[in-house]
1. Exactly one condition in (1) at pLDDT below 90; (2) open to solvent by less than 60 Å² (accessible area, probe 1.4 Å) is not met by Leu56; state its number.
2. Considering every residue within region 32-46, establish whether at least one is open to solvent by less than 40 Å² (accessible area, probe 1.4 Å), modelled with pLDDT of 90 or more, β-branched (Val, Ile, Thr) and farther than 29 Å from Asn3 by Cα.
3. Within region 39-87, take every residue that is without any contact (Cβ under 8 Å) to a residue 12 or more places away in the chain and among the acidic types (Asp, Glu) and give me the one that is farthest from Ser14 (Cα to Cα).
4. Would you say Arg84 is open to solvent by 50 Å² or more (accessible area, probe 1.4 Å), at negative phi and either among the basic types (Lys, Arg) or in contact with a strand residue (DSSP E or B) (Cβ under 6 Å, 6 or more places away or on another chain) (or both)?
5. Which residues, counting only those in region 31-58, are farther than 15 Å from Leu86 by Cβ and touching a strand residue (DSSP E or B) at 6+ places or on another chain (Cβ under 9 Å)?
6. Those residues that are in contact with a Pro (Cβ under 8 Å, 6 or more places away or on another chain) and either aliphatic (A, V, I, L, M) or farther than 24 Å from Leu97 by Cβ (or both), I need them from region 1-28; list them, please.
7. Can you work out which of the residues in region 1-21 that are of a type outside the set (Val, Ile, Thr) and surrounded by 16 or more Cβ atoms within 10 Å (Cβ to Cβ) is nearest to Leu62 (Cα to Cα)?
Amino acid sequence: MTNVDVHQHLWTPSLVAALRSRREPPFMDGWTLFLDGEPPYEVAPAAHDIARRAELAAADGLGRALVSLSSPLGVEWLPGEQARPLLDAYHEGAAAL
């Protein structure tokens with residue numbers, strides 16, 4: 001039997017780049033995340049290192065891990081023209097996994 005984790009958040013390089021290209025929340029400056037109504041948050045780069053996360057999943061006995069876009073980013077509340085580049089970047093990175 002293969003163990004499956006159905007709730008992990010992984011930010012691929014394409015999503016991080018899209019967040020860094022923005023100047024309004026949600027955006028990143030380096031590894032600092034800025035969200036509406038929240039204090040700046042220092043993101044741990046290792047938490048989004050794809051090779052490291054794959055190693056951790058294997059060490060945890062996972063055969064599969066389903067990743068999703070983290071809703072606290074607030075992408076679903078953005079106007080379509082602002083959300084689309086972030087969603088496209090997320091989908092591009094997720095497809096490459």
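1. Of (1) at pLDDT below 90; (2) open to solvent by less than 60 Å² (accessible area, probe 1.4 Å), only one is false for Leu56: (2).
2. Looking for residues that are open to solvent by less than 40 Å² (accessible area, probe 1.4 Å), modelled with pLDDT of 90 or more, β-branched (Val, Ile, Thr) and farther than 29 Å from Asn3 by Cα, one finds at least one in region 32-46, hence yes.
3. In this case the residue turns out to be Glu55.
4. Judged against the criteria, Arg84 is a match.
5. Answer for region 31-58, where residues must be farther than 15 Å from Leu86 by Cβ and touching a strand residue (DSSP E or B) at 6+ places or on another chain (Cβ under 9 Å): Trp31, Thr32, Pro40, Tyr41, Glu42, Val43, Arg53, Ala54, Leu56, Ala57.
6. Ala18, Leu19 - these are the residues of region 1-28 that are in contact with a Pro (Cβ under 8 Å, 6 or more places away or on another chain) and either aliphatic (A, V, I, L, M) or farther than 24 Å from Leu97 by Cβ (or both).
7. Step by step, filter region 1-21, then rank; the result is Leu10.
The values are calculated or read from the model by the stated rules, or taken from the named source; none is laboratory data. Keep in mind it's a predicted model, so treat the numbers as computed, not measured. Note that each Cβ is placed from the backbone with ideal geometry, even for glycine, and that neighbours are counted across all protein chains shown. Note: accessible area is taken over every heavy atom of the protein model, side chains too, but ligands, DNA and RNA are not part of it. Shrake-Rupley method; radii C 1.70, N 1.55, O 1.52, S 1.80 Å.
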